Amino acid sequence: MIKSFQGARAPISKEAPQNIQVKDYMTTKLITFKAEQSMEEAMMILLSKKISGAPVVDEDQRLIGILSEGDCLKEIIRGKYNNSPHSSGSVGDYMTKDVHTIDPETSIFDAAGKFLNERIRRFPVVRNGILIGQISQKDVMRAFTHLRSETW
C-alpha cells in the first residue's frame, strides 16, 4: 500500500486578479488655483486648509501648473529682498509648470513605483489634459490595506 506524504492543498482561487486603479482612491474634491490669483491669497488658502500645495487650472479645468510650499517660499524671499512684507506676484509667476501627472487607469502598484522613482508626494490625475483628481502617497497606502494578500 502506498501512502501520500503530501498534506492537504489549498484550493486554487478562481477569483480574478485585483485591478485597483488610481481612480479608485484619488481625491476628487480639490482646492485649485488660477494663474492670475495673488500669491498672498494662495498662501492664506494653503495655510487655512492645512495643505502643502494645489493644482493650478485654467477656465476649462485644464492643468497648467502646481503651486507648492517651495514656490511660496520663493515669493517670501523675493519680498524680503525687495524689502516688501507683502506678496505682489501672481500664482502664475511662481507655479511649477512642468507638472508630473498620472493617468486615472494606472494600477495602484504602478503608482507606488512612480512615487518612489519620482520622489513626489502627490500627483495630479489628468484625463485628456483635464484635472479630475489627485492621488497622494497616503492614498496609495490606504489602497494596499484593502488588497487581499493571496492575489498579490
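Bear in mind these aren't lab numbers, they're just calculated from the coordinates by the rules spelled out. Predicted model, so just to flag it, every value in this text is computed and none were measured. When we count neighbours, we look across all protein chains shown, and the Cβ atoms used for this are built from the backbone with ideal geometry, even at glycine.
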(message) Give me the base-10 log of I(q)/I(0) for region 22-147 at each q in 0.16, 0.19 Å⁻¹, Debye formula, one uniform scatterer per Cα, rounded to two decimals.
(response) -0.78, -1.01
(message) Placing unit charges on C-beta atoms (Lys and Arg positive, Asp and Glu negative, everything else neutral), compute the dipole magnitude of region 22-147 about its Cα centre in debye, rounded to 20.
(response) 440
(request) Name the long-range amide H neighbours of residue 90: under 5 Å, sequence gap of 5 or more, or other chain; modelled H, no Pro or chain starts. (result) 39
(request) For residue 133, list long-range residues whose amide hydrogen, built 1.01 Å from N in the peptide plane, is under 5 Å from its own amide hydrogen. (result) 125
(message) Under the rule of at least 5 residues apart or a separate chain, name every residue whose amide H is placed under 5 Å from the amide H of residue 33.
(response) 56, 57
(request) Determine, for 122, 62, the number of other Cβ atoms within 10 Å of each Cβ, and report the residues in order from fewest to most. (result) 62, 122
(request) Could you please rank 39, 95, placing first whichever residue has the fewest other Cβ atoms within 10 Å of its Cβ? (result) 95, 39
